[in-house]
Amino acid sequence: MATYAIGDIQGCLRQFDALLEKLNFSALDELWLAGDLINRGPESLQLLRRVKALSSQCQIVLGNHDLHFLAILFGGHKAGAKDTFADLLQAPDVYEIGHWLRKQKLAHQDNGHIMVHAGIPGFWASAQAFAYAEEVEAVIGQAEGITLAAGEVSYKEFFSKMYGNEPPRWDESLNGMDRLRIITNYFTRMRYVDAACTMNFAEKGGIENAPVGFMPWFEQAPEQKGQERAETILFGHWASLNGVTHSAKHIALDTGCVWGRFLTAYCLETGEVTRQSAH
């Protein structure tokens, strides 16, 4: 049995199937998918149907593109000019797929590894990070038709109000949508942060393009010395890193398949990397 973590597929079904074939993926193996399953690539609908069929062998975390689709489906937003999942939105099983997708996680942990889409702030211990992830997961994964207490956020309200860059940094006293939004942004949109873990959403380039006063989130030191995270973090989202972090404890999985480069799989048991060319 082997466990393979795969970066942002973004609707590249042909490359995904070719990568599984290259891995000799079997019924005994497990996939960890680091979010952004869809969008920008050509086959979002078919990719989600394929992954849903494999879901008994998959651990999935949601990425910003997956949440964007859910915000359109359940939150009343409109698709953008660059979105490539019109066939998904028009599919007869779109709500079945959507309700399945919103039950997925923001963070997954096992075997000394944590998988998220974008990252984890350095000042959150692992237990804190999972507690905060569960706050959001409890909202977006709500059962249909439940009665909410006064002040509680429904999943439809969450998706209608999800977008935005505010608040800019974490504060434990945050509540309501402000709290849910910043937790979601840390897990699914973060790249560069400052010393207070304020996120910079404007810069998407590689480490050599770091804005003044900002650093890659994985270079942020823990709040206190001796509190370094024990687990290895697997993440996607940042294609311009091209898999390079210069840190054995931070494995970047997004190698830009949708931009013509590679789809990458990382074996948790051996550390071996397998790549499938976009071409």
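Here, each number is a calculation from the coordinates, and none is a lab measurement. Note that this is a predicted model, so its numbers are computed, not measured. Cβ placement follows ideal geometry from the backbone for every residue including glycine, while neighbour counts extend to all protein chains displayed.
In terms of other Cβ atoms within 10 Å, ILE114, ILE233 run from fewest to most in the order ILE114, ILE233. Look at the dipole of the chain built from charges on Cβ: of ALA149, GLN109, SER247, the Cα furthest out on the positive end belongs to SER247. Backbone N atoms of region 5-20 closer than 18 Å to the 7 Å Cα→Cβ label point of ASP87 belong to residues 9-18. A simple spin-label model places pseudo-atoms 7 Å from Cα toward Cβ; at ASN24 and TYR163 they are separated by 4.8 nm. Here the calculated FRET efficiency for HIS246 and ALA143, from their Cβ-Cβ distance with R0 = 35 Å, stands at 0.20, rounded to the nearest 0.05.
Going by how many other beta carbons lie within 10 Å of each one, how would you line up MET190, MET215, fewest first? Ranked by crowding around the Cβ, least crowded first: MET215, MET190. Only helices enter the 222 nm calculation for the chain: every DSSP H run of n ≥ 4 contributes -39,500 (n - 2.57), and dividing by all residues gives -8500 deg cm²/dmol, rounded to 500. Which is farthest toward the positive dipole end of region 3-277 among SER126, ILE182, GLY11, measuring Cα position about the Cα centre, with Cβ charges +1 (Lys, Arg) and -1 (Asp, Glu)? Sorting the options by dipole projection puts first GLY11. Considering the chain as a Gaussian network with a 10 Å cut-off on Cα pairs, which listed residue, ASP66, ASP36, ASP87, attains the greatest mean-square fluctuation? Result: ASP87 has the largest fluctuation of those listed. Result for the chain in a Gaussian network model with C-alpha springs under 10 Å: among ALA138, ALA107, ALA118, the largest mean-square fluctuation is at ALA138.
Each residue of region 18-30 was assigned a 3J(HN,Hα) from its phi angle through the Karplus curve 6.51 cos²θ - 1.76 cosθ + 1.60 (θ = phi - 60°); the sequence is 5, 5, 4, 5, 4, 7, 6, 4, 10, 5, 8, 8, 10 Hz, with glycine and proline shown as x.
Taking the Cα centre of region 3-277 as reference, the dipole from Cβ charges on Lys and Arg (+1) and Asp and Glu (-1) amounts to some 520 debye. Placing unit charges on the Cβ atoms only, positive for Lys and Arg and negative for Asp and Glu, gives region 117-241 a dipole magnitude near 260 debye about its Cα centre.
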